[in-house]
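Data block below; observations after.
The values are calculated or read from the model by the stated rules, or taken from the named source; none is laboratory data. No experiment lies behind these values; they were computed from the predicted model shown. Neighbour counts are summed over all protein chains in view; Cβ atoms, including those assigned to glycine, are modelled from backbone coordinates with ideal geometry. We work out accessible area using only protein heavy atoms, side chains counted, and drop any ligands, DNA or RNA first. Shrake-Rupley method; radii C 1.70, N 1.55, O 1.52, S 1.80 Å.
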Amino acid sequence: MEIDRRAFLATLGTVAAIEAMPSEALADALEHHTMEKLDQTAEGLPVIRRGAGSIFGAGGPSGGTRALSTLAPMPEKPTLVDFFKLRFAPATHVLQSATDALRKGEPEERVLACLLHDVVLNLIKVDHGWWGAQMMEPYVSEKVSWGIRHHQALRFYPDSSVGYEYPELYNQIFGKDYVPLPYIKATYEYARKHKWYMEARSITVHDLYAFDPTMKVSMDPFVDIIGRHFKQPKEGLGFDNSPVAHMWRSLIYPDNPL
Ligand SMILES: [Fe+2]
Ligand SMILES: [Fe+2]
């Protein structure tokens, strides 16, 4: 199969970013890109629904699928940190977002919102703001879940007062003349006037749309913040009979057939 080298490199970002990438990362990216191309059917459609979560084999937002790896079993009473280590890892995107929020002095709950804002993409991608907020709702303050729910719509609308520009990446993913669906526009207009607007907006401000090879991330700075603002159920996430326990269980047991 022929790979358009230029098109492949364009998916990686700037020349500086590519040069800074370790060679294994570059090899991984090439493999991923090649698989994406292979996974296109004759009609040019990916073989997997684009809204599926990455734990089920969905690839990046540009489509395609990714190789599945064997998942480690989870502890009997899994904590949020266990999910980060055993199901969401490497979680680079959310760790980079939360690290950015922390460095810029955001309050702890906003840092937590950044850390949690996209982890539901492991389960499902379509409408991830709503799914993600629902999944966190029993365990975080209303402000945090409100922010997660509405960041999805706000991403499409710049706000120069806080330095948020329309992400260039979205021109690549959605196309240059993309117009958000009416429900997204309506949600933005509602959120724009809400007293918690900045809870959602700050997620988009710290949302990093490009691979940043210079930013080293770790879970460590967030463990205490989770401890203070995430109500870990004593039975373990997935087994606490909350209205969203099944979402966490689906991440624990994604291979169960029914
Ligand atoms: Fe998001
Ligand atoms: Fe994000």
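Below are the figures for this structure:
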| item | result |
| --- | --- |
| Hull volume in cubic angstrom per residue (convex hull over the Cα atoms of the stretch 75-168) | 114 Å³ |
| Peptides 175-184, 87-96 ordered by average Cβ neighbours within 10 Å, highest first | 87-96, 175-184 |
| Solvent-accessible area per residue, Å², over the stretch 46-191 with all protein chains present [probe radius 1.4 Å] | 47 Å² |
| Rg ratio (alpha-carbon, reference 2.2 N^0.38 Å) - the stretch 176-216 | 1.55 |
| Separation between Cα centres of the stretch 132-178 and the stretch 53-131, rounded to whole Å | 15 Å |
| Hydrodynamic radius of the stretch 195-244 per Kirkwood, over alpha carbon pairs, in Å | 14.3 Å |
| Exceeding the 30 Å Cα-Cα cut-off - candidates LYS176/LYS216; LYS125/LYS234; LYS125/LYS193; LYS125/LYS231; LYS77/LYS185; LYS77/LYS104 | LYS176/LYS216; LYS77/LYS185; LYS77/LYS104 |
| FRET efficiency, LEU71 to MET215 (Cβ-Cβ, R0 35 Å, nearest 0.05) | 0.85 |
| Fraction of alpha-carbon pairs over 26 Å apart in the stretch 115-258 - percent | 31 percent |
